[in-house]
Amino acid sequence: MRMVFRWFGEGNDNVLLQQIKQIPGVEGIVWALHDVPAGEEWPMDKIEAVKRQVEAHGFHIEVVESVNIHEDIKLGLPSKDQYIENYKRTIEKLGRVGVKVICYNFMPVFDWVRTDLYRELEDGSTALFYEKSMLEHMDPLELVQRIASNPKFTIPGWEPQRLQTLTELFLAYREVTEEQLWNNLRYFLEEIIPVAERSGIKMAIHPDDPPWSVFGLPRIVTNADNIRRLLQMVDHPANGVTLCSGSLGANPANDIPAMIREFADRIPFAHIRNVRVYENGDFIETSHRTTDGTVDIAGIVKAYHDIGFTGYARPDHGRHLWGEECRPGYGLYDRAMGIMYLWGLWDAMQREQKGGVR
């Protein structure tokens, strides 16, 4: 397991690279050009600038999250091909600077959905929260206003350019079925996977978050059957999955350790985080500790250890602790503690495998 840490760039993150450097075992930075709108080709000078910043602190830049996909591709519009060509050229550039994995998603309109960015937990920390009944009666524009009320940091998946056309997007998706979205994903993958292979890059789709339809929008990467279909429809080692335990874990029916074992050779990147799911369908993000949530984090780490996982992994969303002012879900302290919890599980399994040390 190769530990990496998500960072949003110089001037766009309260967490500093020199702070990340002090977290044991972190070897790389998960990055992106967050100022480049979805659909545009990434400029080489900006890519190389991030590479210099990150490598100056002894990290690699082998994982990108995300190269966002333009909505016209997801909608299957005639204009999709120009955006796919831009995507291909971005893949080629990233391959030239040493990128090995590109995480992306195929979620219509919203990359992820929560109803509260700072819901208080019993210990006084706050975390991202999803209230099912509220969302069932909420207008999407109201949700956008809630998320956009945090202007200090950019919010991944809630880029202003996309949200400015929200009404038009919902009208466009009104006629798009899940099967049509699958067809549009297949078209995209058939176009880009050969380019990714030539560039030495593995594409790793992120599951839908949460793993069910929101506001009537189609969602197609929600469970093992979906992931199986995705990997089979373009059956190539460069077509993989970012297995996110938090996204999939919001549905307790998802057996994540079983998915890890089944899709072992197609998981180049892992997001490991915990959520507590309530009987009414609400969920809140918790510490990474197994007993604090509903997701079997210890069983997930054991599954990765059992398959001999050598891919990249990062702690995903953390709580907001000790008065830290940070991007929702992406503070320093809880993610650092999450890493140490994951390493603790991993080290114990390594010792057990070797018969223990006296």
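Points to keep in mind about this one:
- Label-to-label distance for Asp81 and Glu324 is 4.8 nm, based on points extended 7 Å past Cα in the beta-carbon direction.
- Descending semi-axes in whole angstrom, ellipsoid equivalent of segment 209-358, from the Cα gyration tensor: 24, 23, 14
- Evaluated over the Cα positions of segment 18-118, the convex hull gives a direction-averaged projected area, one quarter of its surface, of 8.0 nm².
- What separates the Cα centres of segment 64-140 and segment 272-302 is a distance of 22 Å.
- Long-range tail of P(r) for segment 302-342 (Cα pairs > 13 Å, %): 56
- Over all Cα atoms in segment 155-267, the spread is summed up by Rg and Dmax: 15.1, 41 Å.
- Ranked by the mean number of other Cβ atoms within 10 Å of their residues, highest first, the peptides 18-25, 220-227, 240-247 fall in the order 240-247, 220-227, 18-25.
- Projected-area average for segment 2-353 over all orientations - Cα convex hull basis, square nanometres: 16.4
- Here the relative contact order of the chain, from alpha carbon pairs under 8 Å that lie six or more residues apart, stands at 18 percent.
- FRET efficiency, 1/(1 + (r/R0)^6) with R0 25 Å, evaluated for Glu40 and Glu175 via beta carbons: 0.40
- Peptides 33-43, 165-175 ranked from most to least packed, by the mean per-residue count of other Cβ atoms within 10 Å: 33-43, 165-175.
- Contour excess over end-to-end distance, with Cα ends at Glu92 and Arg351 and 0.36 nm allotted per residue: 89.2 nm
- Peptides ranked, highest mean first, by Cβ atoms within 10 Å: ranges 45-58, 288-301: 288-301, 45-58
- Taken along the Cα-to-beta-carbon direction at a fixed 7 Å, the label points for Asp235 and Lys21 span 4.8 nm.
- Charge dipole of the chain (Cα centre as origin; +1 on each Lys and Arg Cβ, -1 on each Asp and Glu Cβ, all else neutral): 1100 debye, rounded to the nearest 20.
Bear in mind that the values in this text are calculations on the coordinates, not laboratory data. Note that this is a predicted model, so its numbers are computed, not measured. Using ideal geometry, Cβ is built from the backbone for each residue, glycine included, and neighbour counts are taken over all protein chains shown.
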